[in-house]
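The block underneath contains the structure these notes are about, expressed in structure tokens.
The values are calculated or read from the model by the stated rules, or taken from the named source; none is laboratory data. Keep in mind that what you see is a predicted model, and the values were worked out from it rather than measured. Reconstructed Cβ throughout: ideal geometry from the backbone, glycine too, with neighbour counts over all protein chains shown.
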Protein chains: 2
Amino acid sequence: MNKRELDTPYVLIDLNKVENNIAMMQTAANEAGVALRPHAKTHKLPELGRMQIEAGAIGLTVAKLGEAEVMASGGIPDILIAYPIVGVQKIERLFALAQKSRITIAVDRFETAEAISNRMREDRTASVGVLVEIDSGFKRVGVRPEDALALAQKIDALPGLTFRGLMTFAGQSYDAVDLDGIRSIANEEGVIAAQTAAWMRSHGLPAEIVSVGSTPTSKFVARVPGISEIRPGTYIFGDLTQVSLGVHELEHCALTVKVTIISRPSPERAVIDAGTKVFTMDGADSPIGTGRGYVARYPGITVSWFTEEHGMLNLPPEAQHLEVGDTLEIVPVHCCAVVNMFDEVAAVRDEEVESIWPVQGRGKVR
Amino acid sequence: MNKRELDTPYVLIDLNKVENNIAMMQTAANEAGVALRPHAKTHKLPELGRMQIEAGAIGLTVAKLGEAEVMASGGIPDILIAYPIVGVQKIERLFALAQKSRITIAVDRFETAEAISNRMREDRTASVGVLVEIDSGFKRVGVRPEDALALAQKIDALPGLTFRGLMTFAGQSYDAVDLDGIRSIANEEGVIAAQTAAWMRSHGLPAEIVSVGSTPTSKFVARVPGISEIRPGTYIFGDLTQVSLGVHELEHCALTVKVTIISRPSPERAVIDAGTKVFTMDGADSPIGTGRGYVARYPGITVSWFTEEHGMLNLPPEAQHLEVGDTLEIVPVHCCAVVNMFDEVAAVRDEEVESIWPVQGRGKVR
């Protein structure tokens, strides 16, 4: 099927660009001598997870237990759930998952680890790895680095868990004003993580994993001595937020939303069949002056505002020939959020649709 | 099942409050002598659509064809698709739908209506009603009122379609600063719609439907002479945006998100298991100083910021006893957007879960 035949709105994933993005990040990890564990919250697709593994990734990262279940069922052998698992229902699911797959979780509180340990020791048919999550400046979750050793020692003593090291996420890199700012945050993230891990090891703890990095910081933090793995996610597609940060090229953005013009109220205005229920309101306006998206082939179009199911475009003179029924492809501000709005996406090579993939990880809020 | 047993994040729908909200809007419509055609984009649930019909609504409004298909399958007998239907695939679906259900569509362009008419006349087993959509100041879709008569006359002449009147949506009411501002916009919306319909009738057109109103404007515009129906949606739940506008009481907000505290990084900070992939970033911060949501029973808590799967709370002294594992219920900024993130929701009466409803209309972007 040609991509022309896809009704809109539809998410198109350009496989040539995806393969290139996967290869570039794998090369960066290889050259820095660190492992790559991509974050699957971006694509939510086992198919792309397997492509990342085949290219050399050691496993995947996920945000939610439900995403881990999907990825494990989809053949991913090694999964880090970079999220606190809290509550008896989730612990039961974690136990079932750990019986089949190699699972590591992030923990920032002794009682969270203890509750999981208690379940694991009930019948000793499963074990999970544990990373202590430290806060390297984002102020989201994670213990202070100075508290990490004590927590690690207590976790290391718990049955049914295997202490494996630490992780951190320097999300403040999204607020950096330029690449130097990102580099500086990445270095700080890396140094804090590496030093804390070394401190743990000097006390006899097997802190083999030192896991850091998002798409903005990964290529920088990977080169900090003592780092063992990076966890970028968005790099597989790229979006206007990453372009804005200077860490992804617009022409390498692999995910677009195909839309149709449904109204032409005036020569300068067009309305498309996608609004916040497709593009979401995540993230800041495009840095390249195109508003809430970038319209391929028409850099002069501004995606000016959304309602739930309508997107309003301002058309420059060279785009005013566009009429109702014409289709456009739009690079979004935040690709991870867009994938999460769709039940299925189209994997496209050149003009051909190679596959329609159900977004198996979509809506896995629990 | 008690609602305590629901794992988080989970959407809770308070049936007592929903029934009250449904009754209040139906009463307002009845007292004004207009029909009520609630917008189902808010709840996306045939179960609630049927409750609205049973309470007196004449049918439902939807935004997308896919929502219409879900509601028709769910037993809703009369549906307005308040959206331009463009493209051969959608027209074919519209044809199939119109064979089974009474469907009316909104059109703001002759060619859009003509393409649908062409399909309907191919085999004359279905017909759809048509409303001309006019722009009453929102500048989204719709023809100018002065162009509505000419469009209506051309549509009225098309076979397979039944011209039935006009509709408009005064979305600019969401930018009003107070109730007087909303009333003024509602009056203008109503007068423009009623006058345009009267003008059509004076030219012999059967403009029987004059359809206006959203949750902010409905109670005002319903009283403008010449209006035949109102289309509010959000009123069934209410949310912080409607509270901010002064058209919904906080204690009548029927939709909350049950969440769990998963981290307590400091005495003043807690992190919950829901971020933008549950609450979205739609709409402005809460007007009552509580940020991106309102935490029931803890009015002093601020929902300060979200990442995709984390929500950050600032805790006042009276909430600092909250610990990891404790659950909270949060009224969102924009309820329509939240429902759309979930595969299922819980219908709750007092403490008991009466039903788990799949969100059948979720993700119907096409």
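Say we look at region B:57-67 and pick out the residues that are within 15 Å of the chain's Cα centre (by Cα) and farther than 17 Å from A:ILE262 by Cα; which of these is surrounded by the most Cβ atoms within 10 Å (Cβ to Cβ)?
Residue satisfying both the conditions and the ranking: B:LEU60.
If you go through region B:76-101, how many residues are in contact with a helix residue (DSSP H, G or I) (Cβ under 6 Å, 6 or more places away or on another chain) and on the phi > 0 side of the Ramachandran plot?
0
Among residues belonging to region A:191-236 that are farther than 23 Å from A:ALA23 by Cβ and touching a Phe, Trp or Tyr at 6+ places or on another chain (Cβ under 8 Å), point out the one that is surrounded by the fewest Cβ atoms within 10 Å (Cβ to Cβ).
A:PRO206
For residues that are more than 14 Å from chain A (Cβ to nearest Cβ) and outside any helix (DSSP H, G or I), tally how many sit in region B:48-67.
6
Please state which of the following conditions B:TYR174 fails to meet, knowing it meets all the rest: (1) touching a residue at least 24 places away in the same chain (Cβ under 8 Å); (2) out of contact with any strand residue (DSSP E or B) (no Cβ under 9 Å at 6 or more places or on another chain); (3) not in a helix (DSSP H, G or I).
(3)
Check B:PHE169 against each of (1) within 14 Å of another protein chain (Cβ to nearest Cβ); (2) in contact (Cβ under 8 Å) with a residue 12 or more places away in the chain; (3) assigned to a helix (DSSP H, G or I) and name the one condition it does not meet.
(3)
Of everything in region B:289-300, what is closer than 18 Å to B:VAL338 by Cβ and either of a type in the set (A, V, I, L, M, F, W, C) or over 23 Å from the mean Cα position of the chain (by Cα) (or both)? Give them in sequence order.
Selection gives B:THR290, B:VAL295, B:ALA296.
Would a scan of region B:63-71 turn up a residue that is β-branched (Val, Ile, Thr) and in contact with a strand residue (DSSP E or B) (Cβ under 8 Å, 6 or more places away or on another chain)? Walk me through how you get there before you give the answer.
Step one: list which residues in region B:63-71 are β-branched (Val, Ile, Thr), which gives B:70.
Filter again for in contact with a strand residue (DSSP E or B) (Cβ under 8 Å, 6 or more places away or on another chain), leaving none.
Taking every residue of region B:63-71 in turn, none turns out to be β-branched (Val, Ile, Thr) and in contact with a strand residue (DSSP E or B) (Cβ under 8 Å, 6 or more places away or on another chain).
Hey, can you tell me all the residues within region A:60-86 that are in contact with a Pro (Cβ under 7 Å, 6 or more places away or on another chain) and touching a residue at least 40 places away in the same chain (Cβ under 8 Å)?
Matches in region A:60-86: A:THR61, A:VAL70, A:MET71, A:GLY74.
Evaluate the following for B:ILE262: is it within 13 Å of chain A (Cβ to nearest Cβ), modelled with pLDDT of 95 or more, over 24 Å from A:ASP175 (Cα atoms) and surrounded by 23 or more Cβ atoms within 10 Å (Cβ to Cβ)?
Yes: the conditions hold for B:ILE262.
Can you spot a residue in region A:96-105 that is among the hydrophobic types (A, V, I, L, M, F, W, C) and under 20 Å from the mean Cα position of the chain (by Cα)?
Yes, that holds for at least one residue.
I'd like the full set of residues that are of a type in the set (Val, Ile, Thr) and either more than 16 Å from B:HIS248 (Cβ to Cβ) or not assigned by TED's automatic domain parsing to the domain that holds B:LEU131 (or both), limited to region B:163-217.
Listed by number, the residues that qualify are B:THR168, B:VAL177, B:ILE185, B:VAL191, B:ILE192, B:THR196, B:ILE209, B:VAL210, B:VAL212.
Please return the ranges of strands (runs of 3 or more DSSP E) entirely within region A:308-366 where 1 or more residues are farther than 30 Å from B:THR112 by Cα and either free of Cβ contacts under 8 Å to residues at least 24 places away in the same chain or not assigned by TED's automatic domain parsing to the domain that holds A:GLU67 (or both).
Because the criterion is at least 1 residues that are farther than 30 Å from B:THR112 by Cα and either free of Cβ contacts under 8 Å to residues at least 24 places away in the same chain or not assigned by TED's automatic domain parsing to the domain that holds A:GLU67 (or both), the strands (runs of 3 or more DSSP E) in region A:308-366 that meet it are A:344-349, A:352-358.
Would you check if A:SER304 is in a strand (DSSP E or B) and in contact with an Asp or Glu (Cβ under 8 Å, 6 or more places away or on another chain)?
no
Which condition number in (1) more than 9 Å from chain A (Cβ to nearest Cβ); (2) touching a Leu at 6+ places or on another chain (Cβ under 9 Å) is the one that B:ARG366 fails?
So the condition that B:ARG366 fails would be (1).
Quick check on region A:1-45: of everything there that is in a strand (DSSP E or B) and either without any contact (Cβ under 8 Å) to a residue 24 or more places away in the chain or under 30 Å from B:GLN89 (Cβ atoms) (or both), which residue is farthest from the other protein chains (Cβ to nearest Cβ)?
Among them, the one singled out is A:ASP14.
Do we find that B:ILE116 is under 24 Å from the mean Cα position of the chain (by Cα) and either at pLDDT 95 or above or not assigned by TED's automatic domain parsing to the domain that holds B:ALA68 (or both) in this structure?
Criteria not met by B:ILE116.
Please state which one of A:GLY33, A:GLY66, A:GLY49 is on the phi > 0 side of the Ramachandran plot and outside the structural domain of A:LEU255 (by TED's automatic domain parsing).
The conditions single out A:GLY33.
Report the residue count in region A:269-308 for those that are surrounded by fewer than 23 Cβ atoms within 10 Å (Cβ to Cβ), touching a helix residue (DSSP H, G or I) at 6+ places or on another chain (Cβ under 9 Å) and within 14 Å of chain B (Cβ to nearest Cβ).
So the answer is 7.
Working only within region B:227-260, note down all residues that are under 18 Å from B:GLU31 (Cβ atoms) and either among the aliphatic types (A, V, I, L, M) or touching a strand residue (DSSP E or B) at 6+ places or on another chain (Cβ under 6 Å) (or both).
B:ILE227, B:SER228, B:GLU229, B:ILE230, B:ARG231, B:VAL247
Working only within region A:38-59, note down all residues that are within 21 Å of A:ASN340 (Cα to Cα) and either touching a helix residue (DSSP H, G or I) at 6+ places or on another chain (Cβ under 7 Å) or among the hydrophobic types (A, V, I, L, M, F, W, C) (or both).
Result: A:PRO38, A:ALA40, A:LYS41, A:THR42, A:HIS43, A:LYS44, A:LEU45, A:PRO46, A:LEU48, A:GLY49, A:MET51, A:GLN52.
Given the conditions (1) polar (S, T, N, Q); (2) within 25 Å of the chain's Cα centre (by Cα); (3) away from every other protein chain (no Cβ under 11 Å), and given that B:GLN320 satisfies all but one, which numbered condition is not satisfied?
For B:GLN320, the failing item is (2).
Just to verify a result, which residue in region B:345-358, among those that are touching a helix residue (DSSP H, G or I) at 6+ places or on another chain (Cβ under 6 Å) and of a type outside the set (Asp, Glu), is farthest from the other protein chains (Cβ to nearest Cβ)? Show your work before the answer.
Going through region B:345-358, the residues touching a helix residue (DSSP H, G or I) at 6+ places or on another chain (Cβ under 6 Å) turn out to be B:347-349, B:351, B:353, B:357.
From what's left, of a type outside the set (Asp, Glu): B:347-349, B:353, B:357.
Values: B:ALA347: 18, B:VAL348: 17, B:ARG349: 22, B:VAL353: 14, B:TRP357: 15 Å.
Going through the qualifying residues, I end up with B:ARG349.
Of all the residues that make up region A:218-245, how many are more than 12 Å from the chain's Cα centre (by Cα), among the small types (Gly, Ala, Ser) and not assigned by TED's automatic domain parsing to the domain that holds A:SER184?
Looking only at that region, the number is 1.
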